[in-house]
Amino acid sequence: MALLQERRGSVAILTFNRPEALNALNQDTLRELADALDGIEKDDAVGAIVFTGTGERAFVAGADISQFPNLDLWTSGAFAERTLSLFRRIETCPKPSIVAVNGFCLGGGVELSLSCDIRLASENARFGQPEINLGIIPGWGGTQRLQRLVGPGWARQMILSGDMIDAQTALRIGLVNEVHPQAALLERAVGLAERIGGRARKAVALAKQAILRGQDMPLEDGIKYETAMWQLVFETEDRKEGVTAFLEKREAKFQGR
Ligand code: COA
């Protein structure tokens, strides 16, 4: 299996598992990822997703380069479209995703992590968009999502130079939110996923949608969109429970409705 699946409580853990190729993404991995998402999207028991990589060396060292020699104008386009729609599915999934970057995170690994809601890294993690070293450019959203997260200055430096940055630099530029010792990383990611997954799920999904859609709108339109999501959240059972529980000074019991 190129992708391992595990459930821990309400958290689905997806582990990229091709250590012999530093967990590089090939067609099998992407197919297995699509199948895993099919299951997770339908599974009400899953509140959040954690992505990580097998071993201590790599999260994902990019697309599997052995697939590249035979790509041409048409096949490269179809390949990009398939992967982009998979990453978009992660980005727009109502269930939030956290990536635990446990080593090399390069090319498609960065692009996948940019489609997740929250990025955490181990101290030995290294990030890069090294496509330029192969004479190509990022094709799975890197030129667009990276600059939206870290700003155009760092995006240009990483994409044009192909040089890697370490975990502390990634933290400083906002590419990751937290850095942890390797041994503590997965536990932290799963703990955070459990906390978020245990919140009022419809509110989490609507907040995520407001942030995501608002990113591509002028501020005024984004705020109008937020108001629409805020109105929707008032129709949920969990809103009644959350507010009542606070006023009754007790813990809320959210049902995801
Ligand atoms: N695609 C396919 N195989 C890859 C890979 C990738 N993206 N990244 C690493 N591998 C393979 C290597 O070919 C090697 O296989 P081998 O043992 O059969 O020779 C194995 O993983 C270990 O990698 P290796 O290069 O020997 O490790 P290293 O510690 O010397 O270097 C990296 C690590 C990450 C710096 C180096 O592997 C690398 O530059 N990888 C390519 C990263 C890249 O360009 N990604 C973007 C692709 S668009």
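Might you check whether a residue that is in the same structural domain as PRO130 (by TED's automatic domain parsing), open to solvent by 10 Å² or more (accessible area, probe 1.4 Å), in contact (Cβ under 8 Å) with a residue 40 or more places away in the chain and more than 16 Å from the ligand (Cβ to nearest atom) occurs anywhere in region 12-25? Taking every residue of region 12-25 in turn, none turns out to be in the same structural domain as PRO130 (by TED's automatic domain parsing), open to solvent by 10 Å² or more (accessible area, probe 1.4 Å), in contact (Cβ under 8 Å) with a residue 40 or more places away in the chain and more than 16 Å from the ligand (Cβ to nearest atom). Residues in region 26-56 that are free of Cβ contacts under 8 Å to residues at least 60 places away in the same chain, more than 23 Å from GLU81 (Cα to Cα) and among the charged types (D, E, K, R): LYS42, ASP43.
Quick check on region 62-75. Is at least one of its residues surrounded by 22 or more Cβ atoms within 10 Å (Cβ to Cβ) and more than 11 Å from the chain's Cα centre (by Cα)?
The first filter runs over region 62-75 and keeps only residues surrounded by 22 or more Cβ atoms within 10 Å (Cβ to Cβ), leaving 62-63.
Filter once more, keeping what is more than 11 Å from the chain's Cα centre (by Cα): 62-63.
So far as region 62-75 goes, yes, one or more of its residues are surrounded by 22 or more Cβ atoms within 10 Å (Cβ to Cβ) and more than 11 Å from the chain's Cα centre (by Cα).
Which one is least open to solvent (accessible area, probe 1.4 Å), of the residues in region 27-61 that are more than 24 Å from GLY139 (Cβ to Cβ) and touching a Phe, Trp or Tyr at 6+ places or on another chain (Cβ under 7 Å)? Top of the filtered list is THR54.
For the structure I just gave you, tell me whether LEU86 is more than 9 Å from the ligand (Cβ to nearest atom) and crowded, with 21+ Cβ neighbours inside 10 Å. It would help to see each step written out before you state the result.
On the way: more than 9 Å from the ligand (Cβ to nearest atom): yes; crowded, with 21+ Cβ neighbours inside 10 Å: no.
So LEU86 does not fit the description; no.
As for region 40-49, it holds at least one residue that is in contact with a Pro (Cβ under 6 Å, 6 or more places away or on another chain) and either within 30 Å of ALA183 (Cα to Cα) or not in a loop (DSSP other than H, G, I, E, B) (or both). When the residues of region 43-67 are filtered to those that are farther than 21 Å from LEU114 by Cβ and among the hydrophobic types (A, V, I, L, M, F, W, C), which remaining residue is nearest to the ligand (Cβ to nearest atom)? By that ranking, first place goes to VAL46. Please tell me if CYS116 is within 16 Å of GLN182 (Cβ to Cβ), among the hydrophobic types (A, V, I, L, M, F, W, C) and either in the same structural domain as LEU14 (by TED's automatic domain parsing) or within 15 Å of the ligand (Cβ to nearest atom) (or both). When the stated conditions are applied, CYS116 does not pass them.
Report, by residue number, each residue of region 185-202 that is without any contact (Cβ under 8 Å) to a residue 40 or more places away in the chain and either open to solvent by less than 40 Å² (accessible area, probe 1.4 Å) or in contact with an Asp or Glu (Cβ under 6 Å, 6 or more places away or on another chain) (or both).
If the condition is that a residue be without any contact (Cβ under 8 Å) to a residue 40 or more places away in the chain and either open to solvent by less than 40 Å² (accessible area, probe 1.4 Å) or in contact with an Asp or Glu (Cβ under 6 Å, 6 or more places away or on another chain) (or both), then GLY191 is the only one that fits.
Every test in (1) away from the ligand (no atom under 15 Å from the Cβ); (2) under 22 Å from ASP216 (Cα atoms); (3) touching an Asp or Glu at 6+ places or on another chain (Cβ under 8 Å) is passed by GLY142 save one, and that test is (1). Being among the basic types (Lys, Arg) and in contact with a Ser or Thr (Cβ under 7 Å, 6 or more places away or on another chain) holds for only one residue in ARG18, ARG31, ARG82, ARG7, and it is ARG18.
The values are calculated or read from the model by the stated rules, or taken from the named source; none is laboratory data. A quick note: this is a predicted structure, and the numbers were derived from the prediction, not measured. When we count neighbours, we look across all protein chains shown, and the Cβ atoms used for this are built from the backbone with ideal geometry, even at glycine. Ligands, DNA and RNA are excluded from the accessible area calculation, which covers all protein heavy atoms including side chains. Shrake-Rupley method; radii C 1.70, N 1.55, O 1.52, S 1.80 Å.
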